[in-house]
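Read through the structure below, which is laid out as structure tokens, and then see the notes.
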Amino acid sequence: MKLQGKSIVVTGASSGMGRAIVERYVREGANVIAVARRKERLDELVASLANEAGKVIAFQGDVSKLEDNENMIDFAVKEFGKLDLLVNNAGIMDDMSPIGDATDDMYERVMRVNVYGPMCAMRKAVKVFLEQGNGGNIINVVSEGAYHTCAGAIYCASKAALTSMTKNTAFMYMEHGIRCNAIAPGGIATEIATSMGMPNMAGYARAKKVIECSPAPGSGEQIAGAATFLASEDSSYVNGDVLMVDGGWCSM
């Protein structure tokens, strides 16, 4: 098992890519704090993995809140005695508005989940890693939207910001043995579109021209495979990288 005994926090764990990552990690022997807002989904996930090699514990939290980001890290250390890996997977869409239609409310909502939350979690995790003194690992789930115009201005900007934060963190802490990489999914079958609401039709019409070029949708399990590679010693010399998991969309 590639992740035997590792202590890991995964956000956005109740569905889609986050759930698939938790399932793979626990089957690879990791102990996981699964973070999400929907308690009933978390409870079902915990029950479904009760007989696997690792252990999963639910943590109900909202990644847009500073205290929840800090508390989930402290909870992992309390429960498992250490922290080895943070996976910032939680994210929401905008409504595909171009910049001329972007609103302050949408900016605040998307940026708090997609940028502020990961920043708070990374800041806390890095402090724990430095105190532990034996390195650490962070995986951020960004998006093809940081490179393609396949969403609105605010969502694309949020994922570009997290991509830049990933590379900066890798550089700043590499001498401490702390790695930070990102996964950029393409079109993956998840529930993220439910966070979008009614799309801005002008923005959607433009984005659709790019979306239509996407390969067939991928699965959460395919993202989990990439996340397992980046979590394991197989990727020990990979740092500051963005792994595109998009069926070749980025090459178009």
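The values are calculated or read from the model by the stated rules, or taken from the named source; none is laboratory data. These figures come from a predicted structure and were not determined experimentally. Neighbour counts are summed over all protein chains in view; Cβ atoms, including those assigned to glycine, are modelled from backbone coordinates with ideal geometry. Protein only, heavy atoms only, side chains kept; ligands, DNA and RNA dropped before computing areas. Shrake-Rupley method; radii C 1.70, N 1.55, O 1.52, S 1.80 Å.
Since Leu85 meets every condition but one in (1) hydrophobic (A, V, I, L, M, F, W, C); (2) in contact with an Asp or Glu (Cβ under 8 Å, 6 or more places away or on another chain); (3) closer than 20 Å to Met122 by Cα, which condition does it not meet? Here Leu85 clears every test but (2). I want to confirm something. Restricting to segment 129-154 and keeping residues that are part of a helix (DSSP H, G or I) and of a type outside the set (D, E, K, R), which single residue is nearest to Glu233 (Cα to Cα)? Only one residue tops the list, namely Phe129. Counting only residues that are of a type in the set (D, E, K, R) and modelled with pLDDT under 95, segment 94-146 holds 3 of them.
Please enumerate the residues belonging to segment 190-202 that are hydrophobic (A, V, I, L, M, F, W, C), surrounded by fewer than 14 Cβ atoms within 10 Å (Cβ to Cβ) and either outside any helix (DSSP H, G or I) or modelled with pLDDT of 75 or more (or both). First the steps, then the outcome.
Here is the first cut: in segment 190-202, the ones hydrophobic (A, V, I, L, M, F, W, C) are 192-193, 196, 198, 201-202.
So of that shortlist, the ones also surrounded by fewer than 14 Cβ atoms within 10 Å (Cβ to Cβ) come out as 193, 198, 201-202.
Correct list: Met198, Met201, Ala202.
Restricting to segment 48-73, and then to whatever is open to solvent by less than 70 Å² (accessible area, probe 1.4 Å) and in a helix (DSSP H, G or I), can you tell me which residue is farthest from Ser7 (Cα to Cα)? Per the stated criteria, the residue is Leu66.
Is it true that some residue in segment 155-163 is in contact with a helix residue (DSSP H, G or I) (Cβ under 9 Å, 6 or more places away or on another chain), in a helix (DSSP H, G or I), crowded, with 20+ Cβ neighbours inside 10 Å and polar (S, T, N, Q)?
Yes, because at least one residue in segment 155-163 is in contact with a helix residue (DSSP H, G or I) (Cβ under 9 Å, 6 or more places away or on another chain), in a helix (DSSP H, G or I), crowded, with 20+ Cβ neighbours inside 10 Å and polar (S, T, N, Q).
For segment 117-154, name all the residues that are open to solvent by 30 Å² or more (accessible area, probe 1.4 Å), in contact (Cβ under 8 Å) with a residue 24 or more places away in the chain, farther than 24 Å from Ala207 by Cβ and not basic (Lys, Arg). Selection gives Met119, Leu130, Gln132, Asn134.
Being acidic (Asp, Glu) and more than 24 Å from Arg179 (Cβ to Cβ) is the filter here, so list the residues in segment 69-115 that pass it. If the condition is that a residue be acidic (Asp, Glu) and more than 24 Å from Arg179 (Cβ to Cβ), then Asp94, Asp95, Asp101, Asp104, Asp105, Glu108 are the ones that fit. If you check Val87, Val126 for being of a type outside the set (D, E, K, R), in a strand (DSSP E or B) and within 20 Å of Asn168 (Cβ to Cβ), only one passes: Val87.
The selection criterion, being under 23 Å from Met1 (Cα atoms) and not small (Gly, Ala, Ser), holds for Asn181. Taking segment 164-189 as the range and being within 15 Å of the chain's Cα centre (by Cα), part of a helix (DSSP H, G or I) and buried (at least 19 other Cβ atoms within 10 Å of the Cβ) as the test, the residues that pass are Met165, Thr166. Considered as a group, the residues in segment 205-251 that are touching a Ser or Thr at 6+ places or on another chain (Cβ under 9 Å), farther than 27 Å from Cys180 by Cα and open to solvent by 70 Å² or more (accessible area, probe 1.4 Å) include one that is modelled with the highest pLDDT, and that residue is Arg206.
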